[in-house]
Every structure is written in structure tokens, then in C-alpha cells.
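Following: one structure in C-alpha cells, then a few remarks.
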Amino acid sequence: MRFFGSRRAARSTTSSAPDGGEPDRLRTDVQNVLLAGPVGDAVGALPAPVSRERISAWLDRSGFTYFVDTDGDLGGLWHGRLFHFLPLGPDGEVLQVRGQWHREATIERLGEVLDVCNEWNAERIWPKTYARVRDDGAVVVCAEVTVSVEHGANDDQLGQHLQCGLSTAAMFFEHLDEVFADPLRSAP
């Protein structure tokens, strides 16, 4: 794999280095660093396309229990909250971790829920939070982290994106639990 095209053939081989080889040696050193990846990590160091198979391999390595739904999407429950791990786009160039709060709100509380989501989104980068109203009037609150993986991701990067989606959404859902305390968790 070459990171730098050979412009040398198209131009004269003049060099400011006394032996004429320093620019070539420097170019080779840079290419070797780029190809090496993280020290001690030969497997998965180069970016590769993100796929459901790679996501499920990460879930397996992490010891997580998950399911595959009828559409082939990967999902699971973390602290009672439903999450999906979705490579999106025709070539899986976008990775999304989407979580759903384990409780629903009534339509009368929609304004309060939107205020919490908007405040979170204004103060933090991740996750993006939003509320959806179902046909029956129930309000569902979601959180998602979406990243471009058009050029692929190595195993460490993929794991970091997936873990970021899970952990930041969990932080938001815990915040919701504090703001909208469960009445059954307190004594009458």
C-alpha cells in the first residue's frame, strides 16, 4: 500500500540532501509508521469497513448478550434500556448506536421531556437526544451517537465508538431517571 504517489518519476531527481536519498528515506519511514498502527497491535490496526459481523465480534469479545432482529439489526438491553447498533448507508459508511429509555411519558409531559432533551443537546456533544410520539400518544425518549466510518475503523476505533454510544446514552438516561423520578421507587 502506498500513501504517497510517486511524483519522483514525473520530475527530475534533484534533492537538497547531499546523497540524494534523504527524501526517499523520509517518505519510506512515514509510510512504515502509517502502516504499523498502534505499537503491539498487529491485528485490527488498519481501518476496515464497519459491518454487522465486526460489531457482533466486538459484542462477543466484550461479553455482552445481544440479539439479531428480523431485519438483521443487532440490539440488546443494557440496564433495562434497549440499544441498537446500526451500520447505515449503502456501504455501511455511518455507524449509529441508538438507545431508548426504559420508560414512557404521557403526551402531557412532552414539553418537559423536550426541555430536558434540548438542554442536554445544548450542553453536550453526545449523545443526540430526542423524543418521539407514538400513535397511541406515548412519548418515547431516544439517544444516539452517529459517526462517519466512510474510511473504515480499526478494532480499537470501532470499540471506542460503540462504547461511547452505550456510555453517553446511559448517562443521559440516568439523568432522565433523576429528573423524572419513578413514583414506584419512593415510599408512599
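Please identify the pairs in which a residue from segment 45-63 that is over 18 Å from GLN96 (Cβ atoms) and of a type outside the set (Phe, Trp, Tyr) has its Cβ atom under 8 Å from the Cβ atom of a residue that is assigned to a helix (DSSP H, G or I) and at pLDDT below 95, counting only partners at least 6 apart or on another chain. Cβ pairs passing all conditions: ALA45/ALA36; LEU46/LEU35.
Within segment 63-81, the set of residues being aromatic (Phe, Trp, Tyr) and assigned to a strand (DSSP E or B) comprises PHE67, TRP78.
Contact map, segment 86-106: first residue β-branched (Val, Ile, Thr), second residue loosely packed, with under 15 Cβ neighbours inside 10 Å and not in a loop (DSSP other than H, G, I, E, B), Cβ cut-off under 8 Å, separation 6 or more or different chains; pairs are VAL94/LEU88; VAL94/SER148.
The single condition among (1) at pLDDT below 95; (2) of a type outside the set (Val, Ile, Thr); (3) closer than 15 Å to CYS164 by Cβ that ASP71 does not meet is (3).
When you look at TYR130, is it modelled with pLDDT of 95 or more and either closer than 19 Å to GLU178 by Cα or outside the structural domain of GLY165 (by TED's automatic domain parsing) (or both), yes or no?
yes
Restricting attention to segment 125-146, the residues being over 20 Å from LEU77 (Cβ atoms), surrounded by fewer than 19 Cβ atoms within 10 Å (Cβ to Cβ) and touching a residue at least 40 places away in the same chain (Cβ under 8 Å) number 1.
Taking strands (runs of 3 or more DSSP E) that do not extend beyond segment 82-188, which have at least 3 residues that are within 11 Å of the chain's Cα centre (by Cα) and not acidic (Asp, Glu)? Let's see the steps before the verdict.
Working: elements: 94-105, 128-133, 139-148.
Per the criteria, 94-105, 139-148.
The values are calculated or read from the model by the stated rules, or taken from the named source; none is laboratory data. Small disclaimer: the values here were computed from a predicted structure and weren't measured. Virtual Cβ from ideal backbone geometry, glycine too; neighbours counted across all protein chains shown.
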